[in-house]
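Everything below concerns the one structure shown next.
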Amino acid sequence: MPLIKAAISHRGFAFLDIISPCVTFNNHPKSTRSYDYVHDNVVTGAIADFVPVKKEITSDFAEGACEDMCLHDGPLMRIKKLMPDYDFKNAMKAIVDIEEHKKKGEILTGLLYLNPTGNHFHEINNTTNTSLTQLDQDTLCPGSRILSSINDSFR
């Protein structure tokens, strides 16, 4: 919960990787966990017409420690919690640490990287402070000429 709250309150871009077997989080063409890949390559992924109620899997263990968590269908997931003094301002270190722990079969968790000088999404994109429900049709839909110039800028 603290990471979700931090991501919401952060003025820049925030990315949270939620550990879940759900294809929703990996649904892109190159993913081996996307809906299309699973649909095309797995004979029976799950019995989807009935989802039994299961107890939420939670954990509370010491910073810097590792814990094996047993998922409902039996596999183990090894979670490694960061130390409280982890340097989360070094992007390259975060990437290296993720890869090193992956080689050991561990999933590194915690705040891995934060750019404290990141600009707010609305500042970068020069968005309006006015609620979209309060904008008129011409502002929301400026017409094909404007849309063409926007599309041309991406080519």
Next item on the list: Find out how many positive minus negative residues lie around Asp87, taking Lys and Arg as positive, Asp and Glu as negative, among other residues whose Cβ is under 11 Å from that of Asp87.
Entry: 0
Note to self: Can you list residues from other chains, or at least 5 along the same chain, whose modelled amide H is less than 5 Å from the amide H of Arg33?
What the structure shows: none
Notebook entry, point to check: Could you work out the helix-only [θ] at 222 nm for the chain, with each DSSP H run of four or more residues adding -39,500 (n - 2.57) and the total divided by the number of residues, to the nearest 500 deg cm²/dmol?
Noted result: -8000 deg cm²/dmol
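Provide the packing ranking of 137-143, 113-119, i.e. peptides ordered by the mean count of other C-beta atoms within 10 Å per residue, highest first.
Values: 137-143: 9.4, 113-119: 12.6.
Top of the packing list down: 113-119, 137-143.
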Margin query: Please compute the length gained on full extension between Leu3 and Thr58, using 0.36 nm multiplied by the number of residues separating them and subtracting their Cα-Cα distance.
Written below: 18.3 nm
Margin query: Students often get this wrong, so check it: of Lys55/Lys102; Lys80/Lys102; Lys81/Lys102; Lys54/Lys102; Lys55/Lys81, which have C-alpha atoms separated by over 19 Å?
Written below: Lys55/Lys102; Lys54/Lys102; Lys55/Lys81
Checklist line | Segment Leu111-His28, extension gain: residue separation times 0.36 nm, minus the distance between their alpha carbons | finding: 27.4 nm
Notebook entry, point to check: Between Ala91 and Cys66, what FRET efficiency follows from the Cβ-Cβ distance if R0 is 30 Å, with the result rounded to 0.05?
Noted result: 0.80
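Under 1.5 on a/c is rounded, so check that first for the chain, then, if it is not, pick prolate when a/b is larger than b/c and oblate when it is not; a ≥ b ≥ c are the square roots of the alpha carbon gyration tensor eigenvalues. Provide the component values of the computation, followed by the final result.
Working: a/c = 2.17, a/b = 1.42, b/c = 1.53.
The shape class here is oblate.
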Margin query: Just want the ordering: Lys80, Lys93, from fewest to most Cβ atoms lying within 10 Å of their own Cβ.
Written below: Lys93, Lys80
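Read-outs: derived from the displayed coordinates by stated rules, not from any lab. These numbers were taken from a predicted model, which means no experiment stands behind them. Glycine gets a Cβ as well: all are built from the backbone with ideal geometry, and neighbour counts include every protein chain shown.
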